[in-house]
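Trainee: The structure follows.
The values are calculated or read from the model by the stated rules, or taken from the named source; none is laboratory data. Not measured: the values here are computed from a predicted model. No Cβ is skipped: glycine too gets one built from the backbone with ideal geometry, and neighbour counts run over all protein chains shown.
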Amino acid sequence: MNRKYELVYVVSPEASDEQVADLHTQVEAIVQRIGGQIEKTENWGRRKLAYEIGRHKEGTYVLEVLLGGGELMKEIDRRLKVTDLVIRHLVVRVDEEQGVVERTRSRRTETSRRRRVARGLPADRQPGEGQRGEVDDDRDDRFDMGEELR
Amino acid sequence: MNGKKSFGGGGRGKGAAGQQGKDGQRRPMFRRRKVCKFCSDKIDDINYKDVRMLMPFVPERAKVLPRRISGTCALHQRKLRTAIMRARQLALIPYTTE
């Protein structure tokens, strides 16, 4: 079972840097115990909360991207729930969504290339071609003009 | 923006532009056809972590901006809603303002 999850947790502003690091080690320990992998860890630092959570107005945000099964996330979720230092957390499964995004992207590039070839243009956009500046996306072929139109 | 409308969007865009001409004669105010921001900018991934991207769709009262105003297409409005709800849970976006 190899799924990709994103875990974001908000640590109470009273926590010291060591405590935040300690929480990360705790998560790491669970991941290692149950079997999984940490792909990425990102500390967003201290941010202002959009609303108060139990008298707190700020919080330290930490993002972790994990590979593993549902059991692993269940355990992490349970642990974070009982940890008082963590004032909010969110687990989102992202692998399926990412797959969809990649597929739409490659499909778009492909259609664009095909349509360009059908119009007798080179498959890839040439530098300085079409209306640049309007769209930065090179995969976009909507604004490419054939020679006769120019 | 104007250039976009005259070239783009294939058949659908052109049809709507023709209608607009008629409308324009009837009423003096010219209304621009709304386009989905995510479709035109080719943003496939509406992410809850990107608060800067979500903020224009969360007006003062912190409600989700309706489709009839933003012009977002159904697919992207649905994704946007999920992203906003997730961001709210993490206190990145408010649920409401006092």
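Trainee: Evaluate the following for A:Val82: is it free of Cβ contacts under 8 Å to residues at least 40 places away in the same chain and more than 14 Å from chain B (Cβ to nearest Cβ)? Walk me through it before giving the result.
Mentor: Working: free of Cβ contacts under 8 Å to residues at least 40 places away in the same chain: yes; more than 14 Å from chain B (Cβ to nearest Cβ): yes.
When the stated conditions are applied, A:Val82 passes them.
Trainee: Are any of the residues in the range B:64-72 under 30 Å from A:Glu64 (Cβ atoms), assigned to a loop (DSSP other than H, G, I, E, B) and within 14 Å of chain A (Cβ to nearest Cβ)?
Mentor: no
Trainee: Sticking with this one: I'm trying to understand the selection: among the residues of the range B:84-98, which are at the interface with chain A (Cβ under 10 Å from one of its Cβ atoms) and part of a helix (DSSP H, G or I)?
Mentor: Initially, the range B:84-98 is screened for residues at the interface with chain A (Cβ under 10 Å from one of its Cβ atoms), giving B:86-98.
Of everything in the range B:84-98, those that are at the interface with chain A (Cβ under 10 Å from one of its Cβ atoms) and part of a helix (DSSP H, G or I) turn out to be B:Arg86, B:Ala87, B:Arg88, B:Gln89.
Each row is one residue, and each column tells you yes or no for (1) outside any helix (DSSP H, G or I); (2) modelled with pLDDT of 90 or more; (3) in the same structural domain as A:Asp17 (by TED's automatic domain parsing).
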| position | (1), (2), (3) |
| --- | --- |
| A:Glu75 | no, yes, yes |
| A:His89 | yes, yes, yes |
| A:Val100 | no, yes, no |
| A:Arg105 | no, yes, no |
| A:Glu110 | no, yes, no |
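Trainee: Evaluate the following for A:Glu58: is it in contact with a Phe, Trp or Tyr (Cβ under 9 Å, 6 or more places away or on another chain), at pLDDT 90 or above and under 23 Å from A:Gly45 (Cα atoms)?
Mentor: On the way: in contact with a Phe, Trp or Tyr (Cβ under 9 Å, 6 or more places away or on another chain): no; at pLDDT 90 or above: yes; under 23 Å from A:Gly45 (Cα atoms): yes.
For A:Glu58, the condition - in contact with a Phe, Trp or Tyr (Cβ under 9 Å, 6 or more places away or on another chain), at pLDDT 90 or above and under 23 Å from A:Gly45 (Cα atoms) - is not met.
Trainee: Look at A:Glu52 and say whether it is of a type in the set (D, E, K, R) and closer than 29 Å to B:Tyr95 by Cα.
Mentor: yes
Trainee: Taking the range A:1-36 as the search range and keeping residues that are surrounded by 19 or more Cβ atoms within 10 Å (Cβ to Cβ) and within 14 Å of another protein chain (Cβ to nearest Cβ), which one is nearest to the chain's Cα centre (by Cα)?
Mentor: The selected residue is A:Glu6.
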